[in-house]
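What follows is a single structure, written as structure tokens, with notes after it.
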Amino acid sequence: MIAIYLLFGVFLGAVNPPITNSAISGMPRSMAGLAGSLASTGRQAGTTLGVAISGTIIGPGLAHGRTAFTGAAHGVWWMILALGTGIVVLGLVSTGRWASRTAVRAAALSERMDAPVARR
């Protein structure tokens, strides 16, 4: 168990900076702070919900002893596998041609909004 938790900690520490970097670098400079704060908030909310849901799944196993706990932990591993698969799918969708075209359109709209308004 300690080795698994150690791996989780190392991998979470390794993926957090690239996630923030991707969120910020994909936005215009005027929106970089917003992008960073949304990435951070999403990561914190996801972690909080993950811990709460995992505790809800494993909690009943604690009352029934050691073997019930390990059996209940299998549900958490399946949840992690399903969510990880969802993240990979979202990553593939968000880096495709459709996502690139959407990013170009959003950047153009943002630049128009950031342009100074001409005085009449």
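The values are calculated or read from the model by the stated rules, or taken from the named source; none is laboratory data. Treat the numbers as computed from the prediction; the structure is a model and nothing was measured. Positions of Cβ are generated from backbone atoms using ideal geometry, with glycine treated the same way; all protein chains shown enter the neighbour counts. Only protein heavy atoms, including side chains, enter the accessible area calculation; ligands, DNA and RNA are left aside. Shrake-Rupley method; radii C 1.70, N 1.55, O 1.52, S 1.80 Å.
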Worksheet item: Looking at 50, 46, 42, which is the one that is open to solvent by less than 70 Å² (accessible area, probe 1.4 Å), at pLDDT 85 or above and farther than 17 Å from residue 88 by Cα?
Response: 50
Worksheet item: Which residue out of 20, 41, 47 is polar (S, T, N, Q), in a helix (DSSP H, G or I) and over 30 Å from residue 109 (Cα atoms)?
Response: 47
Worksheet item: Among the numbered criteria (1) in contact with a helix residue (DSSP H, G or I) (Cβ under 6 Å, 6 or more places away or on another chain); (2) small (Gly, Ala, Ser); (3) modelled with pLDDT of 80 or more; (4) over 19 Å from residue 5 (Cα atoms), which single criterion is violated by residue 75?
Response: (4)
Worksheet item: Within the range 98-117, is there a residue that is under 18 Å from residue 1 (Cβ atoms) and modelled with pLDDT of 80 or more?
Response: no
Worksheet item: Taking the range 19-32 only, how many residues are open to solvent by less than 60 Å² (accessible area, probe 1.4 Å), farther than 18 Å from residue 90 by Cβ and either at pLDDT 80 or above or of a type in the set (Ser, Thr, Tyr) (or both)?
Response: 1
Fill in: Residue match in the range 89-101 (condition: open to solvent by 60 Å² or more (accessible area, probe 1.4 Å), β-branched (Val, Ile, Thr), in a helix (DSSP H, G or I) and closer than 18 Å to residue 8 by Cα)
no
Practice prompt. Taking residue 64 as the residue in question, decide whether it is more than 21 Å from the chain's Cα centre (by Cα), at pLDDT 80 or above and over 27 Å from residue 100 (Cα atoms).
Written response: no
Practice prompt. For the range 60-68, indicate whether the set of residues that are surrounded by 11 or more Cβ atoms within 10 Å (Cβ to Cβ) and not in a helix (DSSP H, G or I) is non-empty.
Written response: yes
